[in-house]
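The values are calculated or read from the model by the stated rules, or taken from the named source; none is laboratory data. This structure is a prediction, so every number in the text was calculated from the model and none was measured. All Cβ positions, even for glycine, are placed from backbone atoms using ideal geometry, and neighbour counts span all protein chains on display.
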Amino acid sequence: MASSSRLTPATALLLTTAPLLWAGNAVVGRAVHELIAPVTMNFLRWLLAFVLLAPLAWRVLRPSSSLWPHWRRYALLGLLGVGCYNALQYLALQTSTPLNVTLVGSGTPIWMLLFGALLFRTPVTRQQLAGALLSVAGVAVVLSRGSWQQLLQLRLVAGDLYMVLATMAWALYSWLLVATREPADLRGDWAAFLMAQVVFGLAWSGVFSGAEWAVSGVHFVWGWPLVLALIFIAAGPAVIAYRCWGLGVQRAGPVIGGFFINLTPLFAALLSAAFLQEMPRPYHGLAFVLIVGGIVVSARR
């Protein structure tokens, strides 16, 4: 299985680009959260991604495509990666604080190891466990802003439970990426592979959006801020980030990939400094050392 692959600089760059774009997704998503309902934002994001992918992967939609004989696999991948993860994250931010949501999300390496051991019979090494603890410690430093007293004041709300489900969905999605081989006409074609997921993920997202509209009504505040935000989260965090993540996980394995996700809150802190004029502090450097140290330790033979 690919989880034993060697971590090369090129693969590390791929696995770093994805959390950088996902951090931008969090910043932009938070900025427009009052302009659009969370599940609807996820649906429109992937609708635009479908339009962007169509010129590159329109062959996937043909009746002769191998997508349709393998529809169960792609329906599951679309549900977990496209339909659930970001929708649950956007929902979490409605009732929970960004601190709680990001802290819960930092448990991804633990879920990666757990699913690997229980569902895919992948043994957990001491190095992987040590790397997980180092990475989580680094994220905790960022989230606590160097003050552990803030962590003691956390209170779980419904949003935290949404984020637990989102993290579990992403960990399982990552394992399924390498669990089986792709059909011949999708193998090696990143746009076709992503389109195969988006086709079903968009259907799931549409169903979830319909349920949201039935419960809370349709909520849009159209304008350039919302339009530009949707274009960014569709092109960057959706298409480009998923391309980098999928290729990186296939090369290095989902366990190592899980540690790179913990770079997301660190990048979010740096982006906040850039766009909100909150300058980095010494604890950001400590967090970076811990998170990268966790990646290095987990990737060693």
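Here A268 meets each of (1) buried (at least 19 other Cβ atoms within 10 Å of the Cβ); (2) more than 15 Å from the chain's Cα centre (by Cα); (3) within 13 Å of V28 (Cα to Cα); (4) at pLDDT below 85 with one exception, condition (2). The single condition among (1) without any contact (Cβ under 8 Å) to a residue 12 or more places away in the chain; (2) outside any loop (DSSP other than H, G, I, E, B); (3) closer than 19 Å to V297 by Cα that Q127 does not satisfy is (1).
Here the condition is being out of contact with any His (no Cβ under 8 Å at 6 or more places or on another chain), farther than 17 Å from W71 by Cα and surrounded by fewer than 21 Cβ atoms within 10 Å (Cβ to Cβ); of V178, V207, it holds for V207 alone.
Conditions tested, residue by residue: (1) out of contact with any Lys or Arg (no Cβ under 6 Å at 6 or more places or on another chain); (2) in a loop (DSSP other than H, G, I, E, B); (3) of a type in the set (G, A, S).
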| site | (1), (2), (3) |
| --- | --- |
| E34 | yes, yes, no |
| W46 | yes, no, no |
| V51 | yes, no, no |
| L67 | yes, yes, no |
| R72 | yes, no, no |
| A87 | yes, no, yes |
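Scanning the range 177-219 for residues being assigned to a loop (DSSP other than H, G, I, E, B) and free of Cβ contacts under 8 Å to residues at least 12 places away in the same chain gives a total of 5. Cβ-Cβ distances below 6 Å connect the following pairs, each with a first residue in the range 21-34 that is more than 13 Å from F275 (Cβ to Cβ) and in contact (Cβ under 8 Å) with a residue 12 or more places away in the chain, a second residue that is surrounded by fewer than 22 Cβ atoms within 10 Å (Cβ to Cβ) and not hydrophobic (A, V, I, L, M, F, W, C), and a separation of six or more residues or different chains: L21/G236. Does the range 214-242 hold any residues that are surrounded by 15 or more Cβ atoms within 10 Å (Cβ to Cβ) and among the aromatic types (F, W, Y), and which are they? F232, Y242, listed by residue number. Name the single residue, out of those in the range 108-134 being closer than 25 Å to Y162 by Cα and modelled with pLDDT under 80, that is surrounded by the fewest Cβ atoms within 10 Å (Cβ to Cβ). Looking at residues that are closer than 25 Å to Y162 by Cα and modelled with pLDDT under 80, I get I110. Taking the listed residues V60, V101, the one that is in contact (Cβ under 8 Å) with a residue 24 or more places away in the chain, touching a helix residue (DSSP H, G or I) at 6+ places or on another chain (Cβ under 9 Å), in a helix (DSSP H, G or I) and under 20 Å from G24 (Cβ atoms) is V101, with no other qualifying.
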